[in-house]
Amino acid sequence: MQVPAPFDYERASTVEEAIGLLERLGSEARLVAGGHSLIPMMKLRLVNLEYVIDINDLHDELGYVRVGTDEVRIGAMTRHRELLESPELGALFPIFADAEKVIADPVVRNRGTIGGSLCQADPSEDLTAVCTTLDASCVIRGSGGERVVSMADFHRGPYETAVEHGEILTEIRIPVRPNGSSAYAKVERRAGDWAVTSAGAAVWMDGGAITDARVGLAAVGPNTTGIPTISEALRGQAPSDELFARAGALAAESCSPVTDNRGTADYKRHLADELTRRTLRLAVERIEAGIAGDQRGGS
Amino acid sequence: MTATDRPPVPEDLEHVDNDQHPVGHGRMLRKEDPRFIRGMGHYVDDIQLPGMLHLAILRSPVAHARIVSVDTTAAQAHPKVKAVITGADLAEKGLAWMPTLSNDVQAVLATDKVRFQGQEVAFVVAEDRYAARDALELIDVDYDILPPVVDVRRALAPDAPVIRDDLEGKADNHCFDWETGDRAATDAVFEKADVVVTEDIVYPRVHPAPMETCGCVADYERVSGKLTLWTTSQAPHAHRTVYALVSGLPEHKIRVISPDIGGGFGNKVPIYPGYVCAIVASLVIGKPVKWMEDRTENLVSTGFARDYVMRGEIAATRDGKILAVRTHVLADHGAFNGTAAPIKYPAGFFGVFTGSYDLEAAYCSMTAVYTNKAPGGVAYACSFRITEAVYLIERLVDCLAYDLQVDPVDLRRRNLIRPEQFPYTTRTGWVYDSGEYERALDLALDLAGYDDLRREQEEKRARGELMGIGVAFFTEAVGAGPRKDMDILGLGMNDGSELRIHPTGKAVLRVSCMSQGQGHETTFAQIVAEELGIPPADIEVVNGDTDQTPFGLGTYGSRSTPVSGAAAALVSRKVRDKAQIIASGMLEVSVADLEWTKGAFAVKGDPTRSVTIQDIAMRAHGAGDLPDGLEGALEAQICYNPSNLTYPFGAYVCVVDVDPGTAEVKVRRFVAVDDCGTRINPMIIEGQVHGGLADGVGMALMEMISFDEDGNCIAGSLMDYLIPTALEVPHWETGHTVTPSPHHPIGAKGIGESATVGSPPAVVNAVVDALKPFGIRHADMPLTPSRVWDAMQGRPTPPI
Ligand SMILES: Cc1cc2nc3c(=O)[nH]c(=O)nc-3n(C[C@H](O)[C@H](O)[C@H](O)COP(=O)(O)OP(=O)(O)OC[C@H]3O[C@@H](n4cnc5c(N)ncnc54)[C@H](O)[C@@H]3O)c2cc1C
């Protein structure tokens, strides 16, 4: 049995209380949500803390998927499983179900949260790529109040986010735009493994032309920020295999993978290309089939 | 021949209903499962003793370094710590080094140098496991880092740092040389052969990774002088003898108990430093001490398997008659040679690398070396290296088929040993006992629909889809072994067995082998049931306690049924012989006038006059006279010495699909036809096959213990060392033929490792077959998507 170093345990029952505890207990205190990233690191003694502040009681307050007219709001304590099973999310953003099916395993998905995933900011983490693809923004609250940051500002680098000490991520907001759809694809060595590489794509169309498109990648470098050149290359174009190939090539160019146990840098670069093409194609197919994505206001 | 016109198989008990418990062989639910299913298994970590202390081991963070100093002051000062012991402390007691099962020595705690990452350096004993672990952080070790030997191919380079400078006069990293077969004859055949195919084939280092890690509770009682050790051991008796020889404690004062074991696969054959540390701690402190390693410790420090870098050559005529096989192997044995194999077989049974084929000549030479990696070299369901041997020959045959442009099945069929050639002596001296190879191959092809699969493949290839069909044929050699040839550290590989029938006709069978999930409590009860007609439910099987069971060498190398199973059958027959004499007294006829029908003796020609085994048991213990010269009670004891190994075999067909864009491999189908001779409990056999096939898929596609260039093990968790899940394996399609062993009392051959031996080449052959359009003849395991993609780019790189 792997045992963590000694630590003290606190439990917060409101967001304010959590913020208060963080401030009072100082920099050696850390929030624990689902615990599926933090606790393994503690057991391996990669992280040694004085205090763990359990925020699972905040699930009532921060566990939700709320669909508004132009935005979907997801509470930070919403669990992987709830994202996977949410019919609203599935209908508006099929990328979520695509991704959630291949994140970890049911045991992890029962506990792990979207907030924990984003705050962990692991470069191989899938929901950051999903949120980047969907141009999400993050709501961060501290004793001084609330601020909203874009994904690009939120995700500062590996294991580093815009959440400062004494702050908590409370909500993820995703804009809803008409006539779009999305998809996610991941290559893993085995079910439940982290991605060798994954890619998400979101496409919006008007008639036969792409009005906007976004691609997000995971596990191919320190950052999973969107790739603006792809969006530029796709806007105003009619979807075609050649177009997707161009996008794939851009994805491969824009990433910076390293060779490790999961695969060589060359292979990951190839996957960035391949999976970008696949997800773009699938997103467009979904729009054309009218079976998924938001059709309100569409033709 | 097709499946339908094949002659009926003897002893085929597939029809026996699962719920009607057979009195003897047949399909039957496992007696041990109710306790496992209800979470009532009892493992080493479940042992709680009053006053028990906990031990944790400090391990080396680096692969190779001189120990400058070890400062334990702060750890000693921890309020819950009872003792901190270093290598220097053990050296004072002469216990810093221990023998391995291969006549090498291994450091219990490092004194001079650390030789692999994860090596044991010091231990702490504390009141609880948390404090023990915390105190490890307080030990300060000063290391003088040395360059490590990581690449096995560089181990013998003149400038390579010498790892084993503890061995007198050691000036290089050479471990041993070994050869088998006839070099000159083989060279001569290669000279004249039309076709020679050479391939470099790596079998990477893998790990058994049992669900339960290794550990023990050592309890030394000062007053009685008795040491009781609850431990994760596949070989309790052998362990006891080794402890007695090393520690000097008298053997009758050592009791080794293996309770339920959560998987072994060979990982629990060796004696690890942790066990010795716990024993020392209990001797010194006089209290029970528990040591349970964690997952990382298990993966980075305990017995690994394989790690062979092989150059294989196969010679044949142009029309596909295989003439000879030649190979040179570079074997990585890690920092200490911890191989657990019969002592005269330093390469295990790798000598069966001639496979299932009738050859003119064969030769193997091997060089084993030390590297800065964890010790071991055997383990993991390999029947002493037959996994490597079968992988080599089955890959070579496929490479030959590729070069000759013939169907790999046709090539195999042409060269398989024919039924009339058995017993067959191979060119390396192994005597295969029995086999009908083509019958098994036909059945497998039939179940798979081989011709249809090839047609489907052709259509798919035309569309650019990548589908592969892999075939492998294997012969196992299990049941070590005849004492004239086989011993482990001087202990002959024979198994005792004791059978006692209670007055009411219930029985207890005591065996020396040790179940780790194989279902011995059921299988062995069924063996006795078959011989005596006592229902399996009435037979208790006791294993794993040296105070309660006769001596024997334990369970590994699929030896339980071939050796202990034979012992169980023979001891039952001994009891039956005595029962017959008692019955003759009861029925007042001569012994010769009695006839045995399962469970009862009857007077020949008058079946109404009979006594059951239960009647006889009561009479054996009851009042009244027994026939002259007969003692009371109904029990017997034997020790079985097998005259030969047994040779199970099988034919496997694997079908894979490879995604042309991502290079991901999906195992779509797997057909396994096994012949393990007489089938005692077909359900248990299938379970063993299913598990072994999953193991094989894991090794072929994802498992590997890898190291970085500094010798850091980068497979120290189950997120890094991947084992397959239900999603990676297909529905298993199993079939069987039955070719009994001629020398085993019930004709059984053992099944535990057949599937682990046979499945990796089937999977790899299938993947390589799928990649045929890319001009690929070979690619090494593990065939992860990245490695398959590399192969598709025309650069299949070896994993090490
Ligand atoms: C076996 C296994 C496989 C996995 N596979 C994948 C995979 O394939 N893909 C993938 O994306 N992920 C994977 N994960 C990670 C999993 O998704 C985790 O659940 C997730 O990364 C973290 O979520 P959590 O709620 O468990 O966070 P925790 O472990 O509780 O916390 C993680 C970090 O976030 C901080 N934190 C948590 N919530 C907040 C908040 N609201 N505000 C501020 N800080 C916060 C914590 O302080 C901590 O530093 C895997 C995990 C495991 C154990």
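Derivation of every value follows stated rules applied to the coordinates shown; laboratory data play no part. Given the structure is predicted, the values throughout are model-derived calculations rather than measurements. A quick note on method: Cβ atoms are made from the backbone with ideal geometry, for glycine too, and the neighbour counts reach across all protein chains shown.
Relative to the current alpha-carbon distance between B:Asp577 and B:Met211, full extension at 0.36 nm per residue lengthens the span by 127.4 nm. Between A:Tyr9 and B:Gln48, the FRET efficiency estimated from the beta carbon spacing at R0 = 22 angstrom works out to 0.30. Dividing the mean sequence gap of close Cα pairs (under 8 Å, 6+ apart) by how many residues the stretch B:419-481 holds gives a relative contact order of 19 percent. What whole-number distance in Å separates the alpha-carbon centres of the stretch B:665-684 and the stretch B:395-439? After rounding, the separation between the Cα centres reads 20 Å.
The mean number of partner chain beta-carbon atoms within 10 angstrom of a residue's beta-carbon across peptide B:236-245 is 0.
Between the stretch B:450-480 and the stretch B:784-799, the C-alpha centres lie 20 angstrom from each other. The C-alpha radius of gyration of the stretch B:438-481, expressed as a fraction of 2.2 N^0.38 Å, stands at 1.65.
With viscosity 0.890 mPa s and temperature 25 °C, the Kirkwood radius over alpha carbon pairs of the stretch B:662-799 converts through Stokes-Einstein to a diffusion coefficient of 148 µm²/s. Per the Debye formula on identical point scatterers at the alpha carbon atoms of the stretch A:8-57, with no solvent, log10 I(q)/I(0) at q = 0.23 Å⁻¹ is -0.80. The orientation-averaged projection of the convex hull spanning the C-alpha atoms of the stretch B:241-390 amounts to 11.9 square nanometres. Across peptide B:712-718, the mean count of Cβ atoms from other chains lying within 10 Å of each residue's own Cβ comes to 1. Restricted to Cα atoms, the stretch A:217-265 shows a radius of gyration and a Dmax of 12.5, 40 angstrom. Within the protein assembly as shown, the proportion of C-alpha pairs whose separation exceeds 48 Å stands at 36%. For B:Asp545, the amide hydrogen comes within under 5 Å of the amide hydrogens of B:Ser258, counting only partners 5 or more places away or on other chains and with H modelled in the peptide plane. Derived value for the stretch B:221-308: Kirkwood hydrodynamic radius 13.9 Å. Basis is the mean of 1/r over every pair of different alpha-carbon atoms. For a modelled paramagnetic label at A:Glu71, 7 Å from Cα along Cα-to-Cβ, no residue of the stretch A:11-36 is in reach, as no backbone nitrogen comes under 13 Å.
Label-to-label distance, B:Ile37 versus B:Ala537, with points set 7 angstrom from Cα along the beta-carbon direction: 1.4 nm. Each of B:Gly87, B:Gly533, B:Ala347 was scored by the projection of its Cα onto the charge dipole of the protein assembly as shown, and the greatest displacement toward the positive side belongs to B:Gly533; charges sit on the C-beta of Lys, Arg, Asp and Glu.
Put simply, the C-alpha atoms of the stretch B:60-161 give a gyration tensor, and the ellipsoid matching it has half-axes of 28, 16, 12 Å, longest first. Reducing the stretch B:615-642 and the stretch A:65-92 to their Cα centroids gives an inter-centroid distance of 75 Å. With Cα atoms as the point set, chain A shows a radius of gyration and Dmax of 19.1, 61 Å. D by Stokes-Einstein for the stretch A:59-175, Kirkwood Rh over Cα pairs, 20 °C, 1.002 mPa s: 152 µm²/s. Taking the alpha carbon gyration tensor of the stretch A:107-264, multiplying each eigenvalue by 5 and rooting it gives semi-axes of 27, 21, 14 Å, largest first. On a per residue basis, the convex hull of the C-alpha atoms belonging to the stretch B:362-409 measures out at 130 Å³. In this label model, A:Ala91 and B:His621 are separated by 7.3 nm, measuring between points 7 Å along each Cα→Cβ vector. Legend: calculated FRET efficiency, A:Ala152 to A:Arg190, from the Cβ-Cβ distance at R0 = 30 Å, rounded to 0.05, equals 0.40. A convex hull fitted around the alpha carbon atoms of the stretch B:495-640 yields 106 Å³ per residue.
A Förster radius of 22 Å, combined with the Cβ-Cβ distance separating B:Phe774 from B:Thr725, puts the computed FRET efficiency at roughly 0.15.
Which value results when the Cα radius of gyration for chain B is divided by 2.2 N^0.38 Å? Dividing the Cα radius of gyration by 2.2 N^0.38 Å gives 0.98. On full extension, the segment bounded by B:Asp708 and B:Asp182 gains 185.5 nm, given 0.36 nm per residue less the C-alpha separation. Taking a label point 7 Å from the Cα of B:Asn641 along the Cα→Cβ vector, which residues of the stretch B:557-593 have an amide N closer than 18 Å to it? From the stretch B:557-593, the list is B:563-568, B:570-571.
Under 20 Å of direct C-alpha separation, and excluding same-chain neighbours fewer than eight residues apart, B:Lys574 reaches these lysines: B:Lys506, B:Lys598. Using 29 Å as the Cα-Cα cut-off, could you pick out the over-long pairs in B:Lys268/B:Lys484; B:Lys253/B:Lys373; B:Lys484/B:Lys749; B:Lys344/B:Lys749; B:Lys321/B:Lys772; B:Lys93/B:Lys344? With Cα atoms farther than 29 Å apart: B:Lys253/B:Lys373; B:Lys93/B:Lys344. Each listed q (0.11, 0.15, 0.20 Å⁻¹) maps to a log10 I(q)/I(0) for the stretch A:180-289 from the Debye sum over equal C-alpha point scatterers, namely -0.31, -0.56, -0.93.
Straight-line reach from B:Lys80: taking Cα to Cα under 18 Å and skipping same-chain neighbours fewer than 8 places apart, the lysines in range are B:Lys287, B:Lys290. Mean per-residue shielding of peptide A:1-8 is 4, counting Cβ atoms of other chains within 10 Å of each Cβ.
For the Cα trace of the stretch B:709-789, dividing Rg by the Kirkwood Rh returns an Rg/Rh value of 1.09. The charge dipole of the protein assembly as shown, taken about its Cα centre with unit charges on the Cβ atoms of Lys, Arg (+1), Asp and Glu (-1) only, comes to about 900 debye. The stretch between B:Glu137 and B:Asp319, if pulled fully straight at 0.36 nm per residue, gains 58.9 nm over its current Cα-Cα span. Ordering of A:184-195, B:526-537 by packing is B:526-537, A:184-195, highest average first (other Cβ atoms within 10 Å, averaged per residue).
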